[in-house]
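What follows is a short report on a single structure.
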Ligand code: HEC
Ligand code: HEC
């Protein structure tokens, strides 16, 4: 958790951003109930980003888009709630990690080390290995377990032959497709711009309405909120902040990294992949932040980025390896990790947080209230 200080957020909050970073004055309401984007509210670049994000022709073979795993109807996460991790466009391949939401990801600051706190903060992917949304967007197209294109040229050629190729040229120039590196960079640029729109971060949950004084929480939801925030109860807000900060509604993450001691997931399909996809086989252990090339430090092994809890009721399964199927199970884990042997040993035993969780002594009613409170974080409340 962050002990002090605020995150500097450099995205255009609650409004569309023009390409130059200024805010557009036009209305940006997005019909989240049907989860469709009102294209008239988008800048040209965001519109191209939208076409790219939903284009299932951009995998090899065709069939998988970014939205296949980050479906707006499922909190911008994988609609498949049975499998722990996501299936690639090749149906016999699975990634090693549970798909996180792409919603509110735009609020993660660029990856950095906070000297005052002595902590790594921000970035994209659950281990922070991409610093920005743009860097992140370059990954999935070429990931052999995901969209599986052999190279950048293949992706660029598909975009050059798409129905929106001329729109792409309107933004990036007539020669937009002639240099593969630049074109690939700009594909990621347009996607990142779309991910910064209010379509991804609508702030329309019941809890937002409650904070704005436009809805009331019932008794059990209020109890859940209290348990969530109380340092002597759930203490959840220590890492998943629940109050506005610097004029931004709560994001339910402070974008820091922690090892909760989450157990291994024996059902993770990645463990069964052949050696050329998974060199360690069933001994695979996910080192998280500490295992990335840019951090590469055993003091950070097992740490994963604190995820937002917005739309959490829609994004099962839970944790980086998808080991928990329900929110109730997550809460029980926080409550009894250190006193109930059934949880087994952590996937990574180093650096486990022993101070803020593990034996919370919550009653059954308090755990139930926590789960119900988290369901008030789903967008699209009327
Ligand atoms: C096969 C499923 C799949 C596809 C397709 C996919 N993703 Fe993801 N996405 C994931 C997984 C799994 C992760 C987490 C991986 C990790 O941290 O190593 C992730 C992480 C992300 C994140 C970071 C979220 C965070 O909190 O750090 C963003 C943003 C994102 N994806 C956007 C995209 C975009 C844009 C595309 C298309 C170019 C895309 N994804 C395609 C599964 C997918
Ligand atoms: C010390 C910081 C910390 C505290 C305190 C904390 N969390 Fe978390 N939470 C995390 C981290 C880090 C993860 C991701 C861990 C992983 O994937 O291995 C996480 C994951 C989750 C998830 C799964 C999210 C997803 O998308 O898979 C839920 C739900 C959750 N926390 C709820 C809570 C609740 C409820 C509490 C209070 C009882 C709480 N957390 C307290 C850091 C914290």
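The values are calculated or read from the model by the stated rules, or taken from the named source; none is laboratory data. Since the structure is predicted, the reported quantities are computational estimates derived from the model, not experimental observations. Reconstructed Cβ throughout: ideal geometry from the backbone, glycine too, with neighbour counts over all protein chains shown.
Worth a mention:
- Region 42-63, residues that are without any contact (Cβ under 8 Å) to a residue 60 or more places away in the chain and not in a loop (DSSP other than H, G, I, E, B): 56
- Selection within region 81-91 - in contact with a helix residue (DSSP H, G or I) (Cβ under 9 Å, 6 or more places away or on another chain) and either in a loop (DSSP other than H, G, I, E, B) or surrounded by 24 or more Cβ atoms within 10 Å (Cβ to Cβ) (or both): 81, 83, 84, 85, 86, 89
- Of residues in region 230-246 being without any contact (Cβ under 8 Å) to a residue 40 or more places away in the chain and under 22 Å from the mean Cα position of the chain (by Cα), the one farthest from residue 364 (Cα to Cα): 244
A quick yes/no check of all residues on (1) under 15 Å from the mean Cα position of the chain (by Cα); (2) within 14 Å of ligand 1 (Cβ to nearest atom); (3) over 19 Å from residue 375 (Cα atoms):
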| site | (1), (2), (3) |
| --- | --- |
| 295 | no, yes, yes |
| 298 | no, no, yes |
| 306 | yes, yes, no |
| 317 | yes, yes, no |
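- Reported count of residues in region 222-240, each being surrounded by fewer than 23 Cβ atoms within 10 Å (Cβ to Cβ), assigned to a loop (DSSP other than H, G, I, E, B), at negative phi and away from ligand 1 (no atom under 16 Å from the Cβ), is 4.
- Residue 66, sole failed condition from (1) at pLDDT 95 or above; (2) within 10 Å of ligand 1 (Cβ to nearest atom); (3) touching a strand residue (DSSP E or B) at 6+ places or on another chain (Cβ under 9 Å): (3)
Residues are listed down the side, and each one gets a yes or a no for (1) free of Cβ contacts under 8 Å to residues at least 12 places away in the same chain; (2) loosely packed, with under 13 Cβ neighbours inside 10 Å; (3) within 10 Å of ligand 2 (Cβ to nearest atom):
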residue	(1), (2), (3)
302	no, no, yes
354	no, yes, no
364	yes, yes, no
370	no, no, yes
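- Qualifying residue in region 17-29 (condition: part of a loop (DSSP other than H, G, I, E, B), under 19 Å from residue 202 (Cα atoms) and at pLDDT 95 or above): no
- Wholly within region 113-207, helices (runs of 4 or more DSSP H) carrying at least 3 residues that are within 24 Å of residue 63 (Cα to Cα), within 13 Å of ligand 1 (Cβ to nearest atom) and more than 15 Å from the chain's Cα centre (by Cα): 152-160, 180-195
- Among the candidates 344, 291, the residue that is touching a strand residue (DSSP E or B) at 6+ places or on another chain (Cβ under 6 Å) and more than 10 Å from ligand 2 (Cβ to nearest atom) is uniquely 344.
- Criterion applied to 270, 277 was being assigned to a helix (DSSP H, G or I) and either within 16 Å of ligand 1 (Cβ to nearest atom) or within 28 Å of residue 130 (Cβ to Cβ) (or both), and the one residue passing it is 270.
- Residue identified as buried (at least 16 other Cβ atoms within 10 Å of the Cβ), farther than 30 Å from residue 298 by Cα and either touching a residue at least 12 places away in the same chain (Cβ under 8 Å) or more than 16 Å from ligand 2 (Cβ to nearest atom) (or both) among 119, 167, 133, 142: 167
- Residues that are closer than 30 Å to residue 36 by Cβ, at pLDDT 95 or above and part of a loop (DSSP other than H, G, I, E, B), drawn from region 353-382: 378, 379, 380, 381
- The listed residue being closer than 26 Å to residue 144 by Cβ, surrounded by fewer than 16 Cβ atoms within 10 Å (Cβ to Cβ), at pLDDT 95 or above and more than 9 Å from ligand 2 (Cβ to nearest atom), out of 272, 278: 272
- All positions within region 92-122 that are in contact with a helix residue (DSSP H, G or I) (Cβ under 9 Å, 6 or more places away or on another chain) and under 21 Å from residue 202 (Cα atoms): 99, 101, 102, 103, 105, 106, 108
- Counting the residues of region 287-323 that are in contact with a helix residue (DSSP H, G or I) (Cβ under 7 Å, 6 or more places away or on another chain), under 22 Å from residue 207 (Cβ atoms) and part of a loop (DSSP other than H, G, I, E, B) gives 4.
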